[in-house]
Amino acid sequence: MTPDSSGQFTDRFVARAVRFANNIWFRSASRALAASAPFFFAAGAAALVDRLLLPLFLNAELLPAADIWWTGFIRVCLTLAGIIYTAAAAWFIGTGNGVRTPWAGTICTVISLFILFGESGLQEVLSSGRLGTDLYFGCGAAGLIVCSIFHTLHTGFLKLTDKNVLAQILSAVSVLFCCIVLSQFVTGMTGTAPLQLFCILIAIPFGRIITSLAGICVISCLCNLLYCFGLRSTEAAASLVGPFLFANTAANTLAWVTGETAAGIVNLSFVSVYGMIGGAGSTLCLILAYLIFGKSAGSRRIAGASLKRGLFNINEPMIFGVPIIFNMALLVPFSVFPSLAMIAAWFATHFGFISSCTVCIPFQIPPVIGPLLATGGDWRAVLFQLVAIAAGTLFYLPFMRASDKIRPDAG
């Protein structure tokens, strides 16, 4: 491949990735995910209080009653997470399409969500917290699809009448009527509500594939590779992978507080703790490599200035300062090492050397504290992360030196 053809391939690749990431559905889903995230964090904090703090302050007589209360609070948080995710997805679809009154489509979408669960399954779903676990992706998909249909009908009705309110009423009635017919038909034919059937047949199997060890490693490598070409692909990836990672963490949280076994190894906290140490590409390892072994004065200054932010998983100073973008010498460790760390963490968790991540923690939690909270206080996870950081520092070392050699201005 000639340099010209290589450059043209890169340009086309980047252009298509940009169009993919800027798709309104991906952007809306990613923003909706961020809107519902605080409820997952609240559920995780409640789980820590219930399992770690309450036993220290309450006696054996009061502890069961308090446990019931906190478990109920966790279920409420997870239920609200699913509802907010649906509503936010509909809202951002409306605002992204330039709709003057996005609240109309949002209200219609939330009502349709309850209809699609069916009368028999609605109470069980709302009380169990499943809206934030195995049904979470289905809620977001319903929000995007139903609201898109609503706005399409609204545009069509506006052509028949110039009254916006009348067009909204006609659109809402049409959408809700179709949802009622669909719910009755599917429930009568299969005995399962449409949204639950969608999750059973499509969402759950798809989630198991992309949150498998192989799936999450491929996605991590691809996202970090795009990052090296200057594309922040995390928003598009979050819209696809994020709901399943959140759902797996929430399911582990419920299992932990109810005394069951946490089944989902790969979840949001797992990826944050072991696959994004210091941010995308686990750049905290690169910072330490420069500070400990670096000979370039300029790069050491950048690493020193980036250390405080890197401890909170903010790595833009390293991304643009070293730089990592379009730096082919650092492409391999930036893309590959996070997957290697997650592979090691997966096997360590699978064989019981460290506990599963059962608490949803914010991405900005620093190393050492992050694994301790995510695993519910398992010190072995802290030790494992420290070993991963040391291994990552050594892994980055030869590539860091190669980067400095091809950049004569680094010093």
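For the reader, a short list of remarks on this structure follows.
- Any hit, segment 113-131, residues being surrounded by fewer than 19 Cβ atoms within 10 Å (Cβ to Cβ), within 27 Å of the chain's Cα centre (by Cα) and at pLDDT 85 or above: yes
- Elements of type helices (runs of 4 or more DSSP H) contained in segment 20-132, each with 2 or more residues being among the charged types (D, E, K, R): 24-48, 63-96, 102-128
- Looking only at segment 50-68, and only at residues there that are farther than 16 Å from N252 by Cα and touching a helix residue (DSSP H, G or I) at 6+ places or on another chain (Cβ under 9 Å), the one that is surrounded by the most Cβ atoms within 10 Å (Cβ to Cβ): D67
- Note on segment 159-190: among residues that are farther than 16 Å from V99 by Cβ and β-branched (V, I, T), the one that is modelled with the lowest pLDDT is T161.
- Every pair of residues 6+ apart whose Cβ atoms lie under 7 Å, when the first sits in segment 171-188 and is in contact (Cβ under 8 Å) with a residue 12 or more places away in the chain and more than 28 Å from L160 (Cβ to Cβ) while the second is among the aliphatic types (A, V, I, L, M) and buried (at least 17 other Cβ atoms within 10 Å of the Cβ): T187/A193
- So F185, is it crowded, with 23+ Cβ neighbours inside 10 Å and assigned by TED's automatic domain parsing to the domain that holds L33: no
A quick yes/no check of all residues on (1) out of contact with any Phe, Trp or Tyr (no Cβ under 6 Å at 6 or more places or on another chain); (2) modelled with pLDDT of 95 or more; (3) among the aromatic types (F, W, Y); (4) assigned by TED's automatic domain parsing to the domain that holds N327:
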| site | (1), (2), (3), (4) |
| --- | --- |
| F363 | yes, no, yes, yes |
| V368 | yes, no, no, yes |
| P371 | yes, no, no, yes |
| T375 | yes, no, no, yes |
| D378 | yes, no, no, yes |
| F384 | yes, yes, yes, yes |
| Y396 | yes, no, yes, yes |
| M400 | yes, no, no, yes |
| G411 | yes, no, no, no |
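- You will find that of T192, T187, T211, T161, the residue that is touching a Pro at 6+ places or on another chain (Cβ under 9 Å) and not small (G, A, S) is T187 and no other.
- Listed by position, the helices (runs of 4 or more DSSP H) inside segment 277-337 whose residues that are crowded, with 22+ Cβ neighbours inside 10 Å number at least 3 are 284-293, 297-310.
- Tabulated pairs, segment 361-380, first more than 15 Å from A348 (Cα to Cα), second among the basic types (K, R) and not in a loop (DSSP other than H, G, I, E, B), C-beta under 8 angstrom, 6+ apart or interchain: G376/R51
- Applying a threshold of 6 Å to beta carbon distances and a minimum spacing of six or more residues, or different chains, the list of pairs starting in segment 76-90 at a residue that is surrounded by 22 or more Cβ atoms within 10 Å (Cβ to Cβ) and ending at one that is assigned to a helix (DSSP H, G or I) and of a type in the set (F, W, Y) reads C77/F39; A81/F39; A81/F40; G82/Y136.
- Residue that is surrounded by the fewest Cβ atoms within 10 Å (Cβ to Cβ), among those in segment 253-268 that are hydroxyl-bearing (S, T, Y) and closer than 19 Å to W70 by Cβ: T258
- N248 in contact with a Leu (Cβ under 9 Å, 6 or more places away or on another chain) and closer than 30 Å to L52 by Cβ: yes
- You will find that of I319, I369, I314, the residue that is aliphatic (A, V, I, L, M) and within 19 Å of L386 (Cβ to Cβ) is I369 and no other.
- Checked against (1) assigned to a helix (DSSP H, G or I); (2) in contact with a helix residue (DSSP H, G or I) (Cβ under 8 Å, 6 or more places away or on another chain); (3) among the β-branched types (V, I, T), T192 passes all but a single condition, namely (1).
- Only one of the numbered conditions (1) closer than 16 Å to A255 by Cα; (2) within 22 Å of the chain's Cα centre (by Cα); (3) of a type in the set (S, T, Y) is not met by T86, and that is (1).
- Summed over segment 294-310, the residues that are in contact (Cβ under 8 Å) with a residue 40 or more places away in the chain and in contact with a helix residue (DSSP H, G or I) (Cβ under 6 Å, 6 or more places away or on another chain) give a count of 3.
The values are calculated or read from the model by the stated rules, or taken from the named source; none is laboratory data. A quick note: this is a predicted structure, and the numbers were derived from the prediction, not measured. Quick reminder, even Gly has a Cβ in these numbers, built from the backbone with ideal geometry, and neighbours come from all protein chains shown.
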